[in-house]
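Please read the structure below before turning to the comments.
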Amino acid sequence: MLVDSHCHLDLLDLTAFPGGLAGVLDAAREQDVTRFLCVSINLEHYPGMHALVERCAEISVSVGVHPNERGGHEPTVAELVDLAARPGVVAIGETGLDYFRSEGDLEWQRERFRTHIRAARQAGKPLIVHSRDAAEDTLTILREEGAAEAGGVMHCFTGDREMASKAMDLNMHISFSGIVTFKSAHELMEVARGMPLDRMLVETDCPYLAPVPHRGKPNQPAYVRYVAEHIAALRGESFEQIAAATTRNFQTLFNLPAVI
Ligand SMILES: [Zn+2]
Ligand SMILES: [Zn+2]
């Protein structure tokens with residue numbers, strides 16, 4: 001059994017699969033991927049996303065506003081806490097900082113990140129953290145806001161060993177996407193090779209970032225298997241070991257029952 005700990009099922013082209021979402025899940029099951037966390041990027045899409053997956057017991061959801069989203073509804077702590085209490089919601093996010101795709105004074109992004117951390121602490125739910133070109137500020141804000149109390153995951157991790165270790169000190173897990181399979185990702189492969197297995201997760205972040213051998217094509221949850229297989233090879237461990245550990249970590253972090 002394997003988990004896709006971060007996917008955007010509502011952003012997939014469902015017409016490409018027989019039966020739509022059912023076809024996506026069938027394709028995943030064929031690769032032993034049987035549990036999914038569908039991640040929110042804004043509150044406008046959130047009701048549709050939740051409606052799409054709410055009848056599927058194997059799909060959990062998060063609630064939050066992505067750092068690259070601008071101009072939409074700006075959530076308050078109380079709103080996020082309220083939404084997080086609804087059935088199937090296991091996490092707050094994705095939230096964080098993205099200095100790669102945003103310009104100018106990004107204080108609004110940092111404020112929004114703080115709001116999510118406060119909500120996670122109040123709701124008692126872990127954080128899904130997106131961090132791009134903003135390692136130092138991400139860690140500083142996690143520390144200042146006491147994010148360790150909520151715990152969480154650095155999703156689609158692209159940092160170095162030092163950042164991984166500092167994030168783990170703040171009670172964060174490290175999640176690897178298809179990027180770890182890219183030939184040029186030497187530093188990231190080093191992180192995957194050297195980090196403790198009990199803090200590791202795997203994800204697709206689909207429809208983005210398809211792993212090798214599907215790089216450049218639309219991604220889907222089934223492909224998280226390539227991520228896990230690649231990490232197993234890097235570490236000289238079996239696929240089953242990586243699958244079992246990342247599944248266990250997912251269940252513990254998001255407080256889910258052990259078996260579907
Ligand atoms: Zn992200
Ligand atoms: Zn994402």
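The values are calculated or read from the model by the stated rules, or taken from the named source; none is laboratory data. These numbers were taken from a predicted model, which means no experiment stands behind them. For neighbour counting, all protein chains shown are included, and Cβ atoms are generated from backbone atoms with ideal geometry for every residue, glycine included. To get the accessible areas, we keep the full protein, side chains included, count just its heavy atoms, and leave off ligands, DNA and RNA. Shrake-Rupley method; radii C 1.70, N 1.55, O 1.52, S 1.80 Å.
Structure summary
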quantity	calculated
Restricting segment 1-11 to residues that are in a helix (DSSP H, G or I) and surrounded by fewer than 23 Cβ atoms within 10 Å (Cβ to Cβ), the residue that is farthest from ligand 2 (Cβ to nearest atom)	Asp10
Residue within segment 37-46 that is away from ligand 2 (no atom under 14 Å from the Cβ), of a type outside the set (A, V, I, L, M, F, W, C) and open to solvent by 20 Å² or more (accessible area, probe 1.4 Å) present	yes
Residues (open to solvent by less than 10 Å² (accessible area, probe 1.4 Å) and not β-branched (Val, Ile, Thr)) located in segment 47-59	Met49
Some residue of segment 12-33 being open to solvent by 40 Å² or more (accessible area, probe 1.4 Å), within 16 Å of ligand 2 (Cβ to nearest atom) and either among the basic types (Lys, Arg) or out of contact with any His (no Cβ under 8 Å at 6 or more places or on another chain) (or both)	no
Qualifying residue in segment 161-182 (condition: among the hydroxyl-bearing types (Ser, Thr, Tyr) and under 15 Å from the mean Cα position of the chain (by Cα))	yes
Segment 134-157: number of residues that are within 16 Å of ligand 2 (Cβ to nearest atom) and out of contact with any Ser or Thr (no Cβ under 7 Å at 6 or more places or on another chain)	2
From Ala135, Ala85, residue being touching a residue at least 12 places away in the same chain (Cβ under 8 Å), under 28 Å from Leu12 (Cβ atoms) and touching a helix residue (DSSP H, G or I) at 6+ places or on another chain (Cβ under 8 Å)	Ala85
Qualifying residue in segment 200-220 (condition: open to solvent by 10 Å² or more (accessible area, probe 1.4 Å) and not in a loop (DSSP other than H, G, I, E, B))	no
Residue selected from segment 146-169 under the condition open to solvent by less than 30 Å² (accessible area, probe 1.4 Å) and farther than 24 Å from Ser60 by Cβ, by the criterion nearest to ligand 1 (Cβ to nearest atom)	Gly159
Residue in segment 202-222 that is over 16 Å from the mean Cα position of the chain (by Cα) and within 16 Å of ligand 1 (Cβ to nearest atom) present	no
Leading residue by the ranking (most open to solvent (accessible area, probe 1.4 Å)) among those in segment 65-113 that are on the phi > 0 side of the Ramachandran plot and more than 13 Å from ligand 1 (Cβ to nearest atom)	Gly71
Total residues in segment 118-134, condition out of contact with any strand residue (DSSP E or B) (no Cβ under 9 Å at 6 or more places or on another chain) and not basic (Lys, Arg)	2
Single unsatisfied condition, Val191 versus (1) among the β-branched types (Val, Ile, Thr); (2) touching a strand residue (DSSP E or B) at 6+ places or on another chain (Cβ under 9 Å); (3) within 16 Å of ligand 2 (Cβ to nearest atom); (4) open to solvent by less than 70 Å² (accessible area, probe 1.4 Å)	(3)
Filtered residues of segment 153-195 (kept if within 20 Å of Asp4 (Cα to Cα), of a type in the set (Ser, Thr, Tyr) and not in a helix (DSSP H, G or I))	Thr158, Ser175, Ser177
